[in-house]
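As structure tokens, the structure follows; a few thoughts come after it.
The values are calculated or read from the model by the stated rules, or taken from the named source; none is laboratory data. All values reported here derive from a predicted model rather than from experimental measurement. Neighbour counts run over all protein chains shown; Cβ positions are idealised from the backbone, glycine included. What goes into the accessible areas is simple: the full protein's heavy atoms, side chains included, and nothing from ligands, DNA or RNA. Shrake-Rupley method; radii C 1.70, N 1.55, O 1.52, S 1.80 Å.
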There are 2 protein chains.
Amino acid sequence: MTQQKPFSTGSHLEREIFEQPQVIKRLVTERRDGVAAIAADIRAANPCYVAIAARGTSDHAALYGKYLFGVWANLPVALATPSVFTLYDSPPLLKDALVIGISQSGRSTDVGQVLTAAAGQGALTLAITNDETSPMAQTAKYHIPLSAGQELSLAATKTYTAQLTTLAMLVAALVDHQEMADGLEKLPGWVDETLQMSEGVVARAERYAFMEHCVTLGRGYNYATCFEIALKIKELTYVVAQPYSSADFRHGPIAVVGAGFPALVVATRGKVYDDMIDLLKALKERSAELIVISDSAEALNFARSPFCLPSDVPEWISPVVSVLPGQLFAMGLALAKGHNIDNPRGLHKITITY
Amino acid sequence: MTQQKPFSTGSHLEREIFEQPQVIKRLVTERRDGVAAIAADIRAANPCYVAIAARGTSDHAALYGKYLFGVWANLPVALATPSVFTLYDSPPLLKDALVIGISQSGRSTDVGQVLTAAAGQGALTLAITNDETSPMAQTAKYHIPLSAGQELSLAATKTYTAQLTTLAMLVAALVDHQEMADGLEKLPGWVDETLQMSEGVVARAERYAFMEHCVTLGRGYNYATCFEIALKIKELTYVVAQPYSSADFRHGPIAVVGAGFPALVVATRGKVYDDMIDLLKALKERSAELIVISDSAEALNFARSPFCLPSDVPEWISPVVSVLPGQLFAMGLALAKGHNIDNPRGLHKITITY
């Protein structure tokens, strides 16, 4: 496991990024049995769909969950809109759903209210948080702790990959599929390998010191990744970074791309790969500036800044590794721009929304 | 009804924007009985949730639908992820859902595939399109035609407000609530009044001729509106416009806002109004440049560019009017920047995605 801190910023952010191999290893080993027991109860309850409530980074974990539950467990996922529960009078009826609330702190007020309403309606409820004593952990029937240790940087990193891993463990336990079990066992090693391969990312970010806006693109499982990387860039560098699925991007927004327009593209091998290559070609034709995160030399060849991933990570679990160069890029860009990376302006660790 | 074309660009876009009062009037009068019959069948089938598949502008109508179904009919809404159906092997099971596909052309390949999969599973399916002969209209058990007339501008305007209105008509028929019926009856007049009030918007856009990026903010029912306005701005002006709910915006992205940063805020009176006022105060403290669309003088007073709405439109139907100044602003900005407003670079009316 990586122990050195190659950039030595002395920041919480850097330390927490490099803690990820240990956090993931702890989750997949120590929490496996607890997750399996919850999965058995869920299977018995046989919900007809899943509703997930979350905000910010946790909502990106929910986007990943949409693909995991949909593809592996054939369960449709509704991303609950907390304000329907908190601001309007009559909440939707969730009794046939498995209702999951995801929050690093477990103190996100509106996400907690969705769990409270769902529990009151008799729905099966599950909280995924980093604090066993939090209100959300108390409200839900089931709780899976992220066990990530305290997160001190305002920009969430290790709790995000821990949330992704927890959702993957839950679905793996639900469907009891050997491929998923094998992938989870190898995951801590892949996370470690990716961080080691990404040593040059922070320095490479200097090229973008004067970048003011960009788009981030991904699809399928890595739709979540491009959202999360865009959020890290915004939080840490104040650059307007806008995430899109490649499909939505073609429905209009691609119009903003002219020569030199920076686009960060997550193009891992798998079912969406051909579509991402087509998009890379279209962006190249417009002379966009391409930053590519990929496990494929073909995709990386399109890039002015190629960020390489290990070659043997299956698509379904790749979001846990593909976000890592993005975290390092956002940190490097913040350093290049001279920002305080542990305390971005105007942010608080727990955001209260009603 | 407004007939004059006050800016006389001679464009399809301008003509179609000003056709909206007639389109909405035609919908609410001529389609009411057909929608009521479909609603009766849906009530009888008693689905446990709604799944909506859509892309681009139509997906913003789906966001509005999420609040309508949730608040008025207590039905949770899952926004179906078309790629789970088109790219991965085993689609989610939708048999307990009402599955709605929304597409202007009715030819959106992946949205059509969701309807096909849902129909094959025995789910209740409904297509909302502007073409009765389209594949989606044929696939779904039920079809509601938008009756908007052909849309020739690449940027969708009249079909968007027609989609919103259709969803409102469907939910009104489902819950049979007098307030909704009254609101729909008055809607064509409000749309007309808003366009007349918005005469200055196009000229006002000139101030922003050199704007390169902005954010658009809304919440609740008007979450959809800020997404749709951002898309019009991107499609027509190539400005990087990023939409957020006020809640998500505070979870990180607000960090990008410094002095002079342009933010377009939709702040109509209703349940989310206090929250939007709090956000306007926070943005004002950061010396943001505020463009405000509102029916409240208090909210408009925060703005460098205030765009006024009629004062008697209830929150639940306000998205049909609050988007109109946004459409005109995007058109005005395209004119100010000297772009071809009917044929933005690199866009096609029907986008094929798999």
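Quick one: in the stretch A:238-253, which of the residues that are within 17 Å of residue B:110 (Cβ to Cβ) and open to solvent by 10 Å² or more (accessible area, probe 1.4 Å) is nearest to the other protein chains (Cβ to nearest Cβ)?
By that ranking, first place goes to A:251.
From (1) more than 18 Å from residue B:319 (Cα to Cα); (2) at pLDDT below 95; (3) more than 9 Å from chain A (Cβ to nearest Cβ), pick out the condition that doesn't hold for residue B:235.
Result: residue B:235 passes all but (3).
Check the stretch A:37-60 and report whether any residue there is buried (at least 24 other Cβ atoms within 10 Å of the Cβ), among the aliphatic types (A, V, I, L, M) and within 30 Å of residue A:197 (Cα to Cα).
Within the stretch A:37-60, not a single residue is buried (at least 24 other Cβ atoms within 10 Å of the Cβ), among the aliphatic types (A, V, I, L, M) and within 30 Å of residue A:197 (Cα to Cα).
Check whether at least one residue in the stretch A:211-225 is open to solvent by 10 Å² or more (accessible area, probe 1.4 Å), within 9 Å of another protein chain (Cβ to nearest Cβ), without any contact (Cβ under 8 Å) to a residue 40 or more places away in the chain and part of a helix (DSSP H, G or I), and report yes or no.
no
Does residue B:122 fit the bill of being buried (at least 23 other Cβ atoms within 10 Å of the Cβ) and in contact (Cβ under 8 Å) with a residue 24 or more places away in the chain?
no
Would you say residue A:288 is within 19 Å of residue B:240 (Cα to Cα), at pLDDT 95 or above and open to solvent by 10 Å² or more (accessible area, probe 1.4 Å)?
Taking the combined requirement at face value, the residue satisfies it.
If you check residue A:167 against the conditions, is it touching a Lys or Arg at 6+ places or on another chain (Cβ under 9 Å) and more than 10 Å from every other protein chain (Cβ to nearest Cβ)?
no
Could you go through the stretch B:10-33 and let me know if any residue there is within 8 Å of chain A (Cβ to nearest Cβ) and assigned to a helix (DSSP H, G or I).
No: the stretch B:10-33 contains no residue that is within 8 Å of chain A (Cβ to nearest Cβ) and assigned to a helix (DSSP H, G or I).
Whether any residue in the stretch B:54-74 is polar (S, T, N, Q), touching a residue at least 60 places away in the same chain (Cβ under 8 Å) and assigned by TED's automatic domain parsing to the domain that holds residue B:119 is what I want to check.
Checking the stretch B:54-74: at least one residue is polar (S, T, N, Q), touching a residue at least 60 places away in the same chain (Cβ under 8 Å) and assigned by TED's automatic domain parsing to the domain that holds residue B:119.
If a residue counts only when it is within 20 Å of residue A:316 (Cβ to Cβ) and either of a type in the set (Gly, Ala, Ser) or within 21 Å of the chain's Cα centre (by Cα) (or both), which strands (runs of 3 or more DSSP E) contained entirely in the stretch A:47-149 have at least 3 such residues?
A:97-103
If residue A:186 satisfies all but one of (1) within 14 Å of chain B (Cβ to nearest Cβ); (2) of a type outside the set (S, T, N, Q); (3) open to solvent by 20 Å² or more (accessible area, probe 1.4 Å); (4) part of a helix (DSSP H, G or I), what's the number of the condition it fails?
Among (1) within 14 Å of chain B (Cβ to nearest Cβ); (2) of a type outside the set (S, T, N, Q); (3) open to solvent by 20 Å² or more (accessible area, probe 1.4 Å); (4) part of a helix (DSSP H, G or I), the lone unmet condition for residue A:186 is (1).
Pull out all pairs, ordered by first then second residue, where Cβ-Cβ is under 9 Å, the residues are six or more apart or on different chains, the first lies in the stretch B:136-157 and is not assigned by TED's automatic domain parsing to the domain that holds residue B:118, and the second is charged (D, E, K, R) and open to solvent by less than 40 Å² (accessible area, probe 1.4 Å).
As it stands, the answer is none, since no pair meets every condition given.
Give the residues of the stretch B:89-104 that are more than 12 Å from residue A:73 (Cα to Cα) and not small (Gly, Ala, Ser), sorted by residue number.
Within the stretch B:89-104, B:94, B:95, B:96, B:98, B:99, B:100, B:102, B:104 qualify.
Quickly run through the stretch B:57-99 and pick out the residues that are touching an Asp or Glu at 6+ places or on another chain (Cβ under 6 Å) and facing chain A (nearest Cβ under 8 Å).
Residue satisfying the conditions is B:82 alone.
If you scan the stretch A:293-336, which residues turn out to be open to solvent by 20 Å² or more (accessible area, probe 1.4 Å) and among the hydroxyl-bearing types (Ser, Thr, Tyr)?
Selection gives A:311 alone.
Which number in (1) at pLDDT 95 or above; (2) away from every other protein chain (no Cβ under 14 Å) marks the one condition that residue A:264 misses?
Against the list (1) at pLDDT 95 or above; (2) away from every other protein chain (no Cβ under 14 Å), residue A:264 comes up short only on (2).
Is there a residue being surrounded by 24 or more Cβ atoms within 10 Å (Cβ to Cβ), farther than 21 Å from residue B:275 by Cα and among the hydroxyl-bearing types (Ser, Thr, Tyr) anywhere in the stretch A:133-154?
No: the stretch A:133-154 contains no residue that is surrounded by 24 or more Cβ atoms within 10 Å (Cβ to Cβ), farther than 21 Å from residue B:275 by Cα and among the hydroxyl-bearing types (Ser, Thr, Tyr).
Looking at (1) part of a helix (DSSP H, G or I); (2) more than 14 Å from chain B (Cβ to nearest Cβ); (3) touching a Leu at 6+ places or on another chain (Cβ under 7 Å); (4) under 25 Å from residue A:326 (Cα atoms), which is the one condition that is false for residue A:159?
That leaves (2) as the condition not met.
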